[in-house]
Structure formats: structure tokens, C-alpha cells
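What follows is calculated from the coordinates using simple rules that are stated; it is not laboratory data. Remember, it's a predicted structure, so these values are computed and weren't measured experimentally. With ideal geometry, Cβ positions are generated from the backbone for all residues, glycine too; neighbour counts draw on all protein chains shown.
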Number of protein chains: 2
Amino acid sequence: MSTLTYAEENYLKAIYHLSEGGKKGVSTNDISGEMKTKPASVSDMLRKLGDKAVIEYRKYYGVHITEEGKKLALQTIRKHRLWEVFLVEKLKFSWDEVHEVADELEHIKSRILIQRLDEYLGFPKFDPHGDPIPDEYGDVRSRPRLPLNELDLHSTGQIVAVKDSSAAFLRYLDKVGAYIGARIKITDMVEFDGSIEILVDNKKSIFMSKDVAGNILVMQ
Amino acid sequence: MSTLTYAEENYLKAIYHLSEGGKKGVSTNDISGEMKTKPASVSDMLRKLGDKAVIEYRKYYGVHITEEGKKLALQTIRKHRLWEVFLVEKLKFSWDEVHEVADELEHIKSRILIQRLDEYLGFPKFDPHGDPIPDEYGDVRSRPRLPLNELDLHSTGQIVAVKDSSAAFLRYLDKVGAYIGARIKITDMVEFDGSIEILVDNKKSIFMSKDVAGNILVMQ
DNA sequence: ATTATTTTTTAGTATAACCTAAATCTCTAT
DNA sequence: ATAGAGATTTAGGTTATACTAAAAAATAAT
């Protein structure tokens, strides 16, 4: 099993994320958009990742991640999310500040470091955004979840994750008081535009657009 | 103030360490030895570091670190030592395991991360090897120290640091029961070869060669 | 003081990761 | 079925970091 460089790890992680959900191959342009590099640079990298057998690459037809690749990507994701937990729980970062730092920390390569960190954090199963943390072997136990805008009027649930985890969106959620783990109830729905009103922890009422609700994932 | 790459940071740190003590310039060969790169690569790097004004470089005559360079080197050293404290105190690493991991962690560049880490660790002043941790501005408060082999018979002191911090040496110290912070007393000295016997914490007797003693620093 | 040795630098090469510009392939619309 | 649009790859260039081999400078030895 060849080891990957920082850049290769980042590309592979991007490809993994982009291939989640769809069965279709991931396009060069999509990767280019995600990585903020030019398509030409992506082509270069795809050839290299193909040589290392972490993706299947057919020129002009996009890529599929291999089992080996998936395992490696999940290891990087595991590290990223564990560091996020550390930053938020121990160092008191707010959840919108952790991304860039975790993007660097995730590349530190020491198996024992990650094992000890995991233990130190109490073997968390989800990161501060509610995303599941894969185990050492890449197994993920995800919880059934659904976008807030698909809930019925008066139904209840618990916020477990967000789809959009841009700093701007996370700050907005902090401001209005919606956080991972919050118990919510749909108290009103506007037919016209799909916007809703929810009650958080039986205390605070929040009004939000359908767009915002669609980016909040709940478990019922 | 230009920012440095990983490699530049590493070279600068090496140059800083090599210039401690001596007033003389640091030679290309010394740096090559420390960095485990070839002298030709060092020459390349020195030109670059000179351009960035973190060292003064006169061809063929070695280098001197500038004030700016010293400040940057101390920032890297600060990060390295804070991470070492974290690894030992929080993640239960033994002090001979921390070097390589800290060498990677020290390059994570986030001011706020280091500030929070410092706070989280309780603003430690010394790392697990007893070396002082510079503050944010590069100020170091070191304690007066002297090699164990220079103490007189029957004198007492406290182990505060080690000169040789190779894993092999640290493991040896662990085995015999000499650790940073230990209170010691010289109970015997062999004139012939300079080897000594010390009593650790009024409990355990250890016999050691002059060579070993010379690598242990104590505060009286 | 001149040669020999050691140290250091220069010249040229390699790899990784990026870029721009140009060429080539795929796909869609007529 | 084919032209044109759009996506993708190739070609060639750049920067950072390392290397080897050869040249040049400094130092040591006679």
C-alpha cells in the first residue's frame, strides 16, 4: 500500500465526498471546483492516483474510487473529524472556526497519535457538525437523518447534522440558536414558500426559510 | 514579514539550534549534517533564507541568524514544545516518542490554535525534556543549569533537562528511573573515570558513567 | 609558499504540484 | 449526421526541494 502525499490525500478526500450518493463517475470539472485548482492540474493528479490504484480512471469518463481508495479517504476523514472534536471540545473553538485548522491537522501521520486522541476524546462517534467519525477500519455508523424541510407540521426531532457547513451558515445557526443536538418541533409552516417556524428545546422559537431548513438534518 | 515554507522553517530551526552557544557562523556542513540533506541542497536553501532576510549569508563563510530569523525560529520552537507537552501530558506519550510527531505538528499555522493550546495546557514554561518554552514574542526564561558530572560529591539538585534527547538515551533514563523533576544527591564519585552514584528522590540509587552524567542537566 | 585536502558552491537533473494555451475528445442540438 | 459547445487532456513552463558531479574557494600541510 503506497502512501499518499498531502495533495494526493486532499484530492482523494474530495473525490470521496463527490462520489457519495451518486453512482456516476466524478468529473474532472467537479474535482477542479472542489479543489480550487485548474482542470489541467486535476488531469495530472488523476493519472497519479490511478497509478496508485486508489481510483479507477478512464480518460474523458471521470473517475470511480476503489475500495483501497475509499479506505484511505475514510482514514483522512476520521482524522479530520477527530481533530474537529478536539478543537471544539477541548480548545473551545466554535464550530465554524475548525475547518481550516483540521484540514492541516488531518495530514499528520502517526497511527498512535490518532488512537490516543480518539481515546482521549472518549471515542466520539460524531463530529461537531454531526457527521459520523469512521473507525480505524473505515466503518461508519451513520444515523438515519432527513432534511428539516421534509418534516410534517407538529413533528419533532433532534438536529444531528448540517449539509452546508460553510462558516457563514454555521455562524447564522449559532446566532439563531440552532445547534447539533437541539430538540426541535415544527410549530408552523407557510404553504406559500415552504418556510417554517420551529421551537428549540421547548424554549425558543425560530423562523427560517425552506432553504435554510433544507440544510439542517434531523433524526426523528 | 514573508512567511516560510515547511522546509525553510526546518532549516531555520536547525540553524538556530546550531548557533546557540557559539558566536561563530554556522557552516554549510553542520547544517547538512543536522538536516540530513546534502551540502549542495543547503547552499540552495541558504540563498533563499538570505533573500528572506532571516539569516545573513556570506558565501563560503557560514551564516548568522538575524533578529527576525531568531523570532521566527523561536515561534516554531514554541509550537514544537507546546505540542510535546500536549502529547505527554494529555495523550500519555512517553517522552521518547514525541519528537517526530511534534516535528510535524509544529508546522500547523494558526495563531489562535497555539494560543488556545497554550491556555489549555496551563501556560507551561518547560517542555517534557525540561527545555524552556518561548512566549509568543520569543522571550525565553531559562533556568540556570549545569551538567550532572560537574556537581561536587554530596551536593544535591533537581534534574531539569537533558542535552542528548535521542530516543535511546531517553529510554535508558526511563529504565534507570531518572526523570525531569527528580531530586538527586551525589552519593559517590569514582575518581578514575568520573562515574558517579546518585540517590534519586531519597529512594533509589543509580550508578552512571561520566558520559551519561554529562548529558543530564540539573538545577541546584 | 605552494600543494593537497576539505569545504562550499555551481551546473545540471529529477519529482511534485501547480499553471496557461492549445489540442482533442464527447455530447448536444439541429 | 455533423457542427459547435463544453469538457478534458496534452504540451510546455514555473517554483520548491532535493540530488550528483564538477568547479571553485578556503584551509591545512609540508
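Less than 12 Å Cβ to Cβ from B:Leu49, Lys/Arg counted +1 and Asp/Glu -1: what total charge do the surrounding residues give? My count for the surroundings of B:Leu49 gives -2. By other beta-carbon atoms within 10 Å, ranking B:His17, B:His64 with the fewest at the front produces B:His17, B:His64. For the range A:117-130, the Karplus equation 6.51 cos²θ - 1.76 cosθ + 1.60, evaluated at θ = phi - 60°, returns couplings of 4, 4, 4, 4, 7, x, 6, x, 9, 9, 8, x, 8, x Hz by residue, with Gly and Pro reported as x. B:His107 sits among other residues whose Cβ lies under 15 Å from its own Cβ, and their net charge, with Lys and Arg +1 and Asp and Glu -1, is -4. Fewest neighbouring Cβ atoms within 10 Å first, the residues B:Val218, A:Val212 line up as A:Val212, B:Val218. As a rough footprinting exposure proxy, the listed residues B:Ile198, A:Ile206 were ranked by other beta carbons within 10 Å of their own, and the order from fewest upward is A:Ile206, B:Ile198. Name the residues of the range B:113-140 whose amide N is less than 11 Å from a point 7 angstrom out from the Cα of A:Ser94 along the C-beta direction? Label zone hits: none. Each of B:Asp188 and A:Asp188 was given a label point 7 Å from its Cα along the Cα-to-Cβ line. The distance between the two points is 8.8 nm. Just report the Cα centroid separation between the range A:1-72 and the range B:140-180, whole Å. Comparing the Cα centres of the range A:1-72 and the range B:140-180, I get a distance of 51 Å. Quick one: with label points 7 Å out along Cα→Cβ, list the inter-copy distances for A:Gly194 in nm, shortest first? Its label point is 8.0 nm from the equivalent points in the other copies. All C-alpha to C-alpha distances of the protein assembly as shown, sorted into 10 Å bins beginning at zero, yield P(r) values of 4, 16, 21, 23, 17, 10, 6, 2, 0, 0 percent in whole numbers. Put a plus charge on the Cβ of each Lys and Arg, a minus charge on the Cβ of each Asp and Glu, and nothing anywhere else: the dipole of the range B:82-159 about its Cα centre is then about 300 debye. Charging the Cβ of each Asp and Glu at -1 and of each Lys and Arg at +1, and nothing else, the dipole of the range B:1-57 about its Cα centre rounds to 80 debye.
Cβ-Cβ distance of B:Gln220 and B:Ala168, R₀ of 25 Å, FRET efficiency by 1/(1 + (r/R0)^6): the value works out to about 0.35. Put simply, the convex hull of the Cα atoms in chain B casts, on average, a shadow of 13.3 nm². For B:Lys109 and A:Arg141, what does the FRET efficiency come to when R0 = 56 Å and r is the distance between their Cβ atoms, rounded to the nearest 0.05? With R0 = 56 Å, the Cβ-Cβ based efficiency is 0.95.
Take A:Asp211, push a point 7 Å out from Cα through the beta-carbon direction, and compare it with the same point in every other copy: 7.3 nm, smallest first. Shown for B:Thr5: label points 7 Å from Cα along the beta-carbon vector, and their distances to the equivalent points in the other copies, 1.1 nm in ascending order. Projected over all directions and averaged, the alpha-carbon convex hull of the range A:43-129 occupies 6.8 nm². The Cα-based radius of gyration of the range A:106-166, divided by its Kirkwood radius, gives an Rg/Rh of 1.09.
Over all other residues within a Cβ to Cβ distance under 14 Å of A:Glu68, the charged ones net out to -2, with Lys and Arg as +1 and Asp and Glu as -1. Dipole magnitude for chain B: computed about the Cα centre from +1 point charges on Lys and Arg Cβ and -1 point charges on Asp and Glu Cβ, it is near 380 debye.
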